[in-house]
Each structure stands twice: as structure tokens, then as C-alpha cells.
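The structure under discussion appears below in the form of C-alpha cells.
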Amino acid sequence: MAKLADIGLIGLAVMGENLVLNMESKGYTVAVYNRTVEKVDKFVNGRGAGKNFIGAHSIKDLVASLEKPRKVMMLVKAGKPVDDFIELLIPHLEEGDIIIDGGNSHFPDTIRRTKYVESKGLLYIGTGVSGGEEGALKGPSMMPGGSPAAWPHVKEIFQAVAAKVEDNEPCCDWVGEDGAGHFVKMVHNGIEYGDMQIICEAYQMMKELLGMNADEMHEVFKEWNNDVLDSYLIEITRDILGFKDEDGEPLVEKILDTAGQKGTGKWTGVAALDLGIPLTLIGESVFARCLSAQKDLRVEASKVIEGPKTKFDGDKAQMINDLKDALFGAKIISYAQGYNLMMEAAKEHNWNLNYGGIALMWRGGCIIRSVFLADIKSAFDNNPNLANLLLDPYFKDKVEKAQAGWRRVCATALSHGVPVPSLTSALCYFDGIRSERLPANLLQAQRDYFGAHTYERLDKPRGEFFHTNWTGRGGDTASSTYDV
């Protein structure tokens, strides 16, 4: 009898193909299926030739080729295709079999699907997989959540193929129930949006204000990647700035300045709005992509709207050092906000998230991997109940030391008309969170004035609400109290 496969995979696009090659290289036999069956044959006879793969031409054949409990992983487009394949799989599976969604699904869909699949006697996992093509092949970061009973059956495979950090620690562990894994992956992608945007803002400052060419910027990012900013995104920015087109000119300067997006950054911002968390840096990074997409409008506006001239006559070397501080300070804020969002979501959905463990999962394989994450893991190891990263002694010290240069960058950018929305919004958050008093007292007075929405008083206990007849013409009837 032919050997049965350890796991099956549906979807032989870039991520799927590379992930199964990774699995096979770790000693697992993998059954593969694709809706376009020609891709199955092409893979099995191409990159998969001579390896432990079983090609399947139907869902029935795929399921029949798997060891029990059967484990079927989907790497297909998020949305309806995932639901369609679940419906195709269910009739062929038995109680205790496991369906795994490894795509970028929206976490509410994963919550719904987990409940639905469990109602059929099956188990479900929604796992974030980060690292792109190279990560899938050599070791991604994986963030699984869903049916807890499924984890022991996939743990060995997932942790074998995941990226490894110090002491061979895998960048993969159980995240939590139902949609927790995909929520954490969504926040990862939001932080990715923010990191990319603040790097782009530093690039814009160097290019437009300091007049630096690509080779000079390449050297700066090369230096930064050997210090506190050491990370995958700084590393690839270094490489991009050093890459030349066929004519010897920097390729990056020939790329149209309109950014694309697949929606995970937007989902992160919407989740923050739903949960009342100030995710300002990531929100601005999404809006920056939206603004970049309005290329024709910007070209038209550039011809008629004038701003300050961007001539810089300050200390260039100092400004480069200040940009490093600004990036580091804003990066701390981005993670502080992202972790606050995960904390609030955990309360909302009754997830038991391991925040230090999440930092470890992001240490390798994923797009936001950096040395910085070891310090986040240490912060939560030292205080599992840490309310905000800025209250950790290490991060408090680092952001306080970075703020002088960060402020100079933002002030210089604003006075010279260079847009730095994420760097400035992050600084405003820093100043806001360290402010014992904010002007929301006036805001509540305004709300009470026009809508009788009530307010609390400093000289009265919290939870007591008051309404004032500000004009003398209104009555004493108040509206509902406000949520805080």
C-alpha cells in the first residue's frame, strides 16, 4: 500500500508551492491539489520531481491520500474561495479531521468558520503565514489559532517548517481560540504598513530636503541596519536604493509613486476604531497609500498650490542622526499601539494571548522581523500585565532619548513642507499619552451644549454624570451618557 501523506495542501500559487517544498524538505510527505489540475502535474513533474509529493486531481483523491486525522491546508484567495473549499471538503472528511486556512483571511470570517466547521464534528485552524515567497520556502513566521484540540496534531509540522531564532526556537506557537491567529497576523500586517511608511518618510526627507542621491541613502540604510534599526525592512531598503537599472541609474527613482494595498492595513485600522484604540501611526500609513494613489490629482494640485521652499541649510549629518532617532521612536509607538489593540481584542473575544510569545513569533521569518522584537519579548517576560510598551523601563528610556531628534525631524519637515504623516502622528500620540490632562473637558462641554450628552466633574466621583442648561433656553433633560 502506498504511503499516505502527512498533510494535504490546496492552492499551488507562490506561497503554497514554496510552503509544501519546505514541508517536504523537513521529512513530510505532502499531498497537493489545485483547482486548475494542470498545475498539480506541472509541480509534481517540475519542482517536486523525485520528492515525497502525492498529486491529487480531485478533492476526493486529496482526502483519500491523507493519514488520519486528516489535515488539509488551504492557501487560496481570502473570502469566498475559502468558504467554497470548506464546503467541498466537508463531505469527504470524518470527525476529528482538520481544515486549515493559511491565507490572509479577515479574523471575523475565521471566527465564523471555526464555529461552523466545529458544528460538523471537524476541527479548524486559521493561521497567519508571514515571510513572502522566501519565508514560505526557508521558514515563515506562523500564527495559528482556531480549535485548540487541533493544535497537537499540527504542532510538529508547523514548528518544523517555521523560521528559527536563538536556541532553535521556532517562530510559531499556538495563539488562541477561533480568530486569534488571523487577528495577530492582521496586526502584524498593520505594523508592516507603519514600518514601511516611516521608512519612506525618512527617504523623502533625505531625497527632497537633504538632496541625497540613492547611493548616499544606500550607505545610510546600510549603517542603520547594523544598529538598533536592524530589521528586514531596513535591509531591503538598503538593497533597493543600491539597485541599478540597465542604464546604471537607480531603479527606485523610475518607479511610479502610487502604492498598492490588499486591505489588511485597513482591517487593522477599522478594528482599532471598533475597539476604541488610538492606532494613529498605522492609520496614517494606510491613508498615505490612499493619497499616493491619487496621482493625477496630486499632479494637478502641484501646479497650482504653493507651499514653502524645501531648501535646507542646517547640519546635514545631524539631520541624518535625527532621522534615525525619529524612525526608532516612531517604531516603538507603532508596536505600543499594535499591542494595545491586541490587548483590547483579547478582552473583547476572550482570547488568552501570550504577548511575549507573539514577539518571539515575529523574531524571524516574517516581514517585520527585527532585533527590536527581542526587547518586546523581554518587556512582557518581565511584566506579563504590562499595560503599554511605553511603561516598560527599556522602552520608556529609549523613546525619551529619541524624542529630541524626532521632534527636530518633524518640525523641520513641517516648516519645509515635506509630508511626514506617520512620524508626526506617532509623536502626537507620545505627547498625548504622557499628558495627564487633555482638552477633552472642552469637547465634553461642547457635546453637552449642543446635544445634552452630559459630562463628569473633577470634584465628583467617576460615574456621576451632569448636564448644564448652557443657554438658559434649554431644559433639564439629558441625552444618554457617553462611553469611555
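What tally of residues in region 58-89 results from selecting those that are part of a loop (DSSP other than H, G, I, E, B) and under 33 Å from the mean Cα position of the chain (by Cα)? Selection size over region 58-89: 7. Taking region 236-272 as the range and being buried (at least 17 other Cβ atoms within 10 Å of the Cβ), touching a helix residue (DSSP H, G or I) at 6+ places or on another chain (Cβ under 6 Å) and in contact (Cβ under 8 Å) with a residue 40 or more places away in the chain as the test, the residues that pass are THR264, GLY265, TRP267, THR268, GLY269, ALA272. Taking the criterion of being among the aliphatic types (A, V, I, L, M) and crowded, with 24+ Cβ neighbours inside 10 Å, the residues of region 163-202 that qualify are VAL175, ALA180, VAL184, MET186, VAL187, ILE191, ILE198, ALA202. Listed by first and then second residue, the pairs with beta-carbon distance under 8 Å, at least 6 apart or on different chains, first residue in region 1-14 and under 17 Å from VAL161 (Cα atoms), second small (Gly, Ala, Ser) and assigned to a loop (DSSP other than H, G, I, E, B), are ALA5/SER65; GLY8/ALA56; GLY8/SER65. Entry remark, region 361-383: residues being of a type in the set (A, V, I, L, M) and closer than 24 Å to ILE111 by Cα number 1 in total.
Step by step: first the residues of region 113-133, then only those that are at pLDDT below 95 and in contact with a Pro (Cβ under 9 Å, 6 or more places away or on another chain), then the one that is surrounded by the fewest Cβ atoms within 10 Å (Cβ to Cβ). Which residue is that?
Checking each candidate, the answer is GLY132.
Region 314-429 holds helices (runs of 4 or more DSSP H) entirely within its bounds, and those carrying 1 or more residues that are more than 21 Å from SER141 (Cα to Cα) and free of Cβ contacts under 8 Å to residues at least 24 places away in the same chain map to 316-349, 372-382, 393-416. The C-beta contact set for region 283-300 (first residue touching a residue at least 60 places away in the same chain (Cβ under 8 Å), second residue charged (D, E, K, R) and crowded, with 17+ Cβ neighbours inside 10 Å, distance under 7 angstrom, 6+ apart or interchain) comprises VAL286/LYS266. When residues in region 273-309 are screened for being outside any helix (DSSP H, G or I) and either buried (at least 16 other Cβ atoms within 10 Å of the Cβ) or at positive phi (or both), 4 of them pass.
A search for C-beta distances below 7 Å between a residue of region 50-64 that is within 21 Å of ASN18 (Cα to Cα) and polar (S, T, N, Q) and any residue that is assigned to a helix (DSSP H, G or I) and modelled with pLDDT of 95 or more, counting only pairs 6+ apart in sequence or on different chains, returns ASN52/GLU24. Residue by residue through region 213-235, note down the ones that are in contact (Cβ under 8 Å) with a residue 24 or more places away in the chain and either polar (S, T, N, Q) or more than 13 Å from SER370 (Cβ to Cβ) (or both). Result: ASN213, ALA214, ASP215, MET217, HIS218, VAL220, SER231.
Apart from one condition, LEU458 fits all of (1) touching a Ser or Thr at 6+ places or on another chain (Cβ under 6 Å); (2) assigned to a loop (DSSP other than H, G, I, E, B); the exception is (1).
For region 70-101, give me each residue that is surrounded by fewer than 14 Cβ atoms within 10 Å (Cβ to Cβ) and more than 18 Å from LYS115 (Cα to Cα). Hit for region 70-101 is LYS77, nothing else.
Might you check whether a residue that is within 34 Å of the chain's Cα centre (by Cα) and either within 22 Å of ILE191 (Cβ to Cβ) or modelled with pLDDT under 95 (or both) occurs anywhere in region 466-473? Checked region 466-473: no residue is within 34 Å of the chain's Cα centre (by Cα) and either within 22 Å of ILE191 (Cβ to Cβ) or modelled with pLDDT under 95 (or both). Residues of region 30-59 that are more than 20 Å from LYS138 (Cβ to Cβ) and among the polar types (S, T, N, Q): ASN34, THR36, ASN45, SER58. In region 231-272, what residues are under 16 Å from ILE191 (Cβ atoms) and part of a loop (DSSP other than H, G, I, E, B)? Within region 231-272, GLN261, LYS262, GLY263 qualify.
The values are calculated or read from the model by the stated rules, or taken from the named source; none is laboratory data. Remember, it's a predicted structure, so these values are computed and weren't measured experimentally. As a convention, Cβ positions derive from the backbone with ideal geometry for all residues, glycine included, and neighbour counts pool all protein chains shown.
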